[in-house]
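Reading through the structure tokens given below for one structure.
None of the figures in this text is laboratory data; all of them are computed from the coordinates on show. This is a predicted model, so every value here is computed, not measured. With ideal geometry, Cβ positions are generated from the backbone for all residues, glycine too; neighbour counts draw on all protein chains shown.
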Amino acid sequence: MKPEGHEVHKQHTFDTFCKKVLKNEARNILREYVRRQKKEVLFSELPPQILEQISSTDEYPSEYEWFRVGDFSVEVRDDRLAKALRILPERKRDIVLLAYFLDMRDIEIAKQLRIVRGTVQYQRTKSLKQLKDYLEGGEHGGEIHRG
């Protein structure tokens, strides 16, 4: 059974229509692609200042060292500093944490630890020197001497 002339004409017309639609759609997609390409910028082409503004870093509490000082928990984010603080005797470490991480004054630290203010000031100064020596790998080869 052969399709009649009218049927053949309808098939050709439909075929031509489909090809035209596909060609126009392909042209529209290409135009959209070019339009987007003009507006989009690759991350690798962005200046560092812009990258800093639009980026974020995940932070997890488990990645940091936590120290307990009385009723306070103190977070230390620097691994080297945390290691140096762990090496300090407990009282000296507590004084440093209270003074520099919790912004307490010597008199407040003295009350908290039940010691005299002069001892707080002396221990804080001595502890800072020990931490500095340790972190700089100073005169004692990066060691903290207890005492």
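Miscellaneous remarks
- Student exercise, region 63-136 dipole from Lys, Arg, Asp, Glu Cβ charges, in Debye to nearest 20: 400 debye
- Three-way shape call for region 63-136 based on the alpha-carbon gyration tensor, with the a/c threshold at 1.5: oblate
- Cα-centre dipole for the chain with unit charges at Cβ (Lys and Arg positive, Asp and Glu negative), debye to 20: 260 debye
- Values of log10 I(q)/I(0) for the chain across q = 0.08, 0.09, 0.15 Å⁻¹ run -0.50, -0.55, -0.88, by the Debye formula with one identical scatterer at each alpha carbon and no solvent.
- Positive-end ranking of 49, 28, 115 along the dipole of the chain, with charges on Cβ about the Cα centre, is headed by 28.
- In terms of the mean number of neighbouring beta-carbon atoms within 10 Å, the peptides 48-55, 72-79, 87-94, 6-13 order highest first as 87-94, 72-79, 6-13, 48-55.
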